[in-house]
Amino acid sequence: VAESGAITESQAAFDQVAMSPKTVGSMSDISRKMLLQSSMDVESFVRNDLATSLALAIDAAAINETGSSNQPTGILNTAGIGSVVGGTNGAAADWADIVDLESAVSVDNADMGALGYLTNAATRGALLQKEKASGTAQYVWSDSNTLRGYGAAVSNQVPSNGTKGTGSNLSSMIFGNWNDLIIGTWGGIDINVDTSTGSASGTVRVVALQDVDIAVRHAESFAAMTDIIT
């Protein structure tokens, strides 16, 4: 404004991220003889195993579920995230692709918060051997926990079975602000013990159920490359 000029009023804008409960479950049958064992706490063992199964399913959904058939929508299937394209049939990721992932987020003014990379073990292995430029002996991924100064995590729940053109077994890599990945839960894990289904053999069935949903708060906070040849 000019000297002594008055500023004009603006209004803050708010939106909502809608979520609805989607049920994920796991179950295990425990035989009568297993229950008779005294060498370990069978109940605790089964509960922990079921909880781990649920956690893995939720992580997989957050990364790559489609949003159809009662599934949440994962990052890779969220409309509007940034994209780095390797090639018609996929391509090996290189230094430029890593920088482009960051740029896809930063050009949308979203490079803030808990920024980091996520990929699978095959992609990490390829980048550990990929030089930034030929003959430099400086590799794209030189530290197991960071990449270009950002945190870098590895999970084999990141897809490695993608297809594009004639390319197959293509991997994915995600960069973004992980604070903007929302995992909503309704209550805790429900544990149900069923002693009737397998009563004739003395088998006990333990069922674990949890209601969750997943949403990306701002699509601009993430970018992905989904056609990486490893």
In whole Å, what three semi-axes, largest first, describe the equivalent ellipsoid of the stretch 14-62 built from its Cα gyration tensor (square root of 5 times each eigenvalue)?
-> 35, 10, 8
Share of carbon and sulfur in the accessible heavy-atom surface of the stretch 18-170 [1.4 Å probe, %] | 47 percent
Within the set ALA93, ALA13, ALA110, GNM on the chain using Cα springs under 10 Å gives the largest fluctuation to ALA13
Hey, could you get me the Stokes-Einstein D for the stretch 145-189, Kirkwood radius over alpha-carbon pairs, 20 °C and 1.002 mPa s, rounded to whole µm² s⁻¹?
-> 158 µm²/s
Shape category assigned to the stretch 155-227 from the gyration tensor of Cα positions, a/c cut at 1.5 | oblate
Size of the stretch 120-172 along its principal axes in angstrom, Cα-based, largest extent first?
-> 32, 25, 13
Straight distance only, please: which lysines reach the Cα of LYS130 with their own Cα at less than 26 Å, same-chain residues fewer than 8 apart left out?
-> LYS164
Estimate the FRET efficiency between GLU43 and MET19 by the formula 1/(1 + (r/R0)^6), using the beta-carbon distance for r and 35 Å for R0, to the nearest 0.05.
-> 0.60
Report the dimensions of the chain along its three principal axes from the alpha-carbon atoms, largest first, rounded to Å.
-> 83, 59, 34
Rh_Kirkwood(the stretch 83-141) over Cα pairs, Å, one decimal, evaluates to 12.7 Å
In a shell of Cβ-Cβ distance under 14 Å around LEU56, excluding LEU56 itself, what net charge do Lys and Arg (+1) and Asp and Glu (-1) give?
-> -3
Is the stretch 27-129 best put as rounded, prolate or oblate by its Cα gyration tensor, with a ≥ b ≥ c the root eigenvalues, rounded for a/c under 1.5, and otherwise prolate when a/b is larger than b/c, oblate when not?
-> prolate
In nm, to one decimal, how far is the SER69 label point from the THR195 one, both placed 7 Å along Cα→Cβ?
-> 3.6 nm
At q = 0.22, 0.31 Å⁻¹, work out log10 I(q)/I(0) for the stretch 188-229 with the Debye formula, treating every Cα as an identical point scatterer and leaving solvent out; two decimals please.
-> -0.83, -1.01
When Lys and Arg each count +1 and Asp and Glu each count -1, what net charge do the other residues less than 11 Å away from ALA219, Cβ to Cβ, add up to?
-> -2
Most to least accessible of GLU102, GLU65, GLU220, GLU43 (protein chains only, probe 1.4 Å) | GLU43, GLU220, GLU65, GLU102
Rank these residues by their accessible area, most exposed first, probe 1.4 Å: TRP95, TRP186.
-> TRP186, TRP95
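The values are calculated or read from the model by the stated rules, or taken from the named source; none is laboratory data. Note that the coordinates shown come from a computational prediction; the quantities given were computed from them, not determined experimentally. Note that each Cβ is placed from the backbone with ideal geometry, even for glycine, and that neighbours are counted across all protein chains shown. Just so you know, the surface numbers come from the protein's heavy atoms only, side chains and all, with ligands and any DNA or RNA stripped out. Shrake-Rupley method; radii C 1.70, N 1.55, O 1.52, S 1.80 Å.
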